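Every number in this text was worked out from the coordinates using simple rules, so none of it is lab data. This structure is a prediction, so every number in the text was calculated from the model and none was measured. As a convention, Cβ positions derive from the backbone with ideal geometry for all residues, glycine included, and neighbour counts pool all protein chains shown.
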């Protein structure tokens, strides 16, 4: 299967992760969502390791790369949530979704990947399209200091660094299933202190339907992470990263088709959709 198609399936999986999270939050709260989805993702990926032959042989250097990625993923998530709180969705999401630009810059300058004009233009189109789709005019102004934008921008930069690091780790030992599980376990462990502090400050709302949706959310998040690694193992960072970044497009389409009361198409989202689709086609043909 071409890496472009695998990356597209990863983007769709991440979109389903978000959609099931929406459903779950109708019955429970964010703390339970974090606990259950992280646990479900970790269990799913560990079972995948067992059913694909168990722990494989691997180079210690590759293991340390993915342990570092697990820590980085926890930091990225925390910076993303803080950015949302400090500057709001309208400003935070476009900054967070600049990560394909950072991935492409690192891949071209440090990893010497080749990126033609079509790939570079497609990457810019995807980032601009995602910014249009995710930008939401806020009804009330949010007071913030200028440096608060660094939270969301830092999250985007860390996410951008993660893609070349994943590619580098897989060039040492190409075992995407095992290393997906490693990242999941490490990020779960690193998230426990935050979960514990939140547990002391916020209530926990357990609900059977919430648990079911959050479990599905964790499954699709794990599947998206696994497919992303498989795509990186077969393709280049400059091609895979921007295609995975099309996730907000699939979020929009799923929400429009099945959650019409949540999402409405307008000129802004239509232009963003055209830009993302056009950019993805350019990257696929140019890669």
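Points to keep in mind about this one:
- Spin-label model, residue 109/residue 172: points 7 Å from Cα along the beta carbon direction are separated by 2.3 nm.
- FRET efficiency estimate (nearest 0.05) - Cβ-Cβ, residue 189 to residue 147, R0 45 angstrom: 0.90
- Footprinting exposure proxy for 64, 250 (fewest neighbouring C-beta atoms within 10 Å first): 64, 250
- Convex hull of alpha carbon positions in the range 1-154: directionally averaged projected area 12.4 nm².
- Label positions at residue 67 and residue 257, each projected 7 Å from the Cα along the C-beta direction, are separated by 4.3 nm.
- Three-way shape label, the range 1-63, alpha-carbon gyration tensor, a/c 1.5: oblate
- Area projected by the alpha carbon convex hull of the chain, averaged over all directions, nm²: 15.4 nm²
- Oblate is the label for the range 39-91, because a/c, from the alpha-carbon gyration tensor with a ≥ b ≥ c as root eigenvalues, is 1.5 or above and a/b does not exceed b/c.
- Residues 229, 170, 63, ranked from the fewest to the most other C-beta atoms within 10 Å, line up as 63, 170, 229.
- Using 0.36 nm per residue and subtracting the Cα-Cα separation, the extra length available between residue 82 and residue 5 on full extension is 24.4 nm.
- The ranking of 219, 81, 178 from fewest to most other beta carbons within 10 Å of each one's beta carbon is 81, 219, 178.
- Relative contact order of the chain: 44 percent, from C-alpha pairs under 8 Å at least 6 residues apart in sequence.
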